[in-house]
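The values are calculated or read from the model by the stated rules, or taken from the named source; none is laboratory data. Quick caveat: nothing in here was measured; it's all calculated off a predicted structure. Cβ placement follows ideal geometry from the backbone for every residue including glycine, while neighbour counts extend to all protein chains displayed. Ligands, DNA and RNA are stripped out before the accessible areas are found, and what is left, the full protein with its side chains, is counted by its heavy atoms. Shrake-Rupley method; radii C 1.70, N 1.55, O 1.52, S 1.80 Å.
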Amino acid sequence: VATDAANKSSEPVLVVINITDQNEFSPKFERQKYAKRIDESNVTEIILTVKATDRDSSEEFGTVKYSLPTGVPFTVDADGRIFSKRPLDAETDKRKYSFIVRATDGGRKSDRADVNIIIGDVNDNAPEFTTTTYQVDVYENVSVGYHVLTLSAVDIDNSDEFNQVANYSLYSNDTDLPFVISSSGVITVSRNINYEADSLTYEFNVTATDVQRESSKIPAVVVIHILNIPDSLPIFSNMFAGSVKEDAKVGTSVVQLHATSSDGGVVA
């Protein structure tokens, strides 16, 4: 209202005063440390949510944006939810990621919080044999319990919970197989072997199983060759006679001998 010297007043005029917000406050995280353990291969689920607020009233200065450092396999959205960018592998990736999440307002004021994410192992690997084929020779006269060979399989799962090979198994259609396998992978002779009566070669499959009963996807093949031990004397098949001239040279053939053995094979 304006008044003159005669105290006459003008019509009132509306005056509007806008208070402009200044960037007085910085964002503030609710917590200074965040931690979470997740299983490897976790991609779709939210790992954790961070939250920061700014007391400034304007949208420009009161809204915060979250950011993570480059080089970490995680991303954060506008609501502070942290996700994994890709499947994580406890065997090939880090077991623990430590990094900073930052909240920044429109005036570039910011706050930071520490994030620790631990990658937990799952049983996603089966045991694998160190070789696909084992070959060994065994003499027929070895005793029952004779140590033939020891198998070796490894499980690359990172944790002791899943990477232990708990059992080895043998598979064969031969019901009279003269070999057995222990849970630790030791193959031994289970009965007497006879070169003349048994097979000369035994071939069978073996598998390895971890503590969660995850079996090797590719079994190993064991090939055992039975070697002969002569247990009967050679017998000449006939009487032999021959003649030679008195002036024959050294090395001249006189007569061809022939002998046989029930063990089979060549008699030398």
- prompt: Out of all the residues in region 193-208, which are more than 15 Å from ASN228 (Cβ to Cβ), of a type outside the set (Ser, Thr, Tyr) and out of contact with any Leu (no Cβ under 8 Å at 6 or more places or on another chain)?
  reply: GLU203
- prompt: Of all the residues that make up region 40-91, how many are on the phi > 0 side of the Ramachandran plot and open to solvent by 40 Å² or more (accessible area, probe 1.4 Å)?
  reply: 2
query: List, please: which pairs have Cβ atoms under 7 Å, are six or more places apart or on different chains, and start with a residue in region 87-111 that is free of Cβ contacts under 8 Å to residues at least 60 places away in the same chain and end with one that is part of a loop (DSSP other than H, G, I, E, B) and open to solvent by 40 Å² or more (accessible area, probe 1.4 Å)?
result: PRO87/SER41; PRO87/VAL43; LEU88/SER41; PHE99/PRO69; ILE100/PRO69
query: Has region 162-185 got any residue that is outside any loop (DSSP other than H, G, I, E, B), within 30 Å of LEU88 (Cβ to Cβ) and touching an Asp or Glu at 6+ places or on another chain (Cβ under 8 Å)?
result: yes
- request: Please list, ordered by first then second residue, the pairs with beta carbon atoms under 6 Å, 6 or more apart or interchain, first in region 146-159 and open to solvent by less than 20 Å² (accessible area, probe 1.4 Å), second modelled with pLDDT of 85 or more and in a loop (DSSP other than H, G, I, E, B).
  value: LEU151/GLY185; ALA153/PRO127; ASP155/PRO127
query: What single numbered condition from (1) surrounded by 14 or more Cβ atoms within 10 Å (Cβ to Cβ); (2) at pLDDT 80 or above; (3) farther than 30 Å from VAL154 by Cβ fails to hold for ILE224?
result: (3)
statement: Over region 57-99, the set of residues out of contact with any Asp or Glu (no Cβ under 6 Å at 6 or more places or on another chain), farther than 14 Å from ILE117 by Cα and of a type in the set (Val, Ile, Thr) is THR63, THR70, THR92
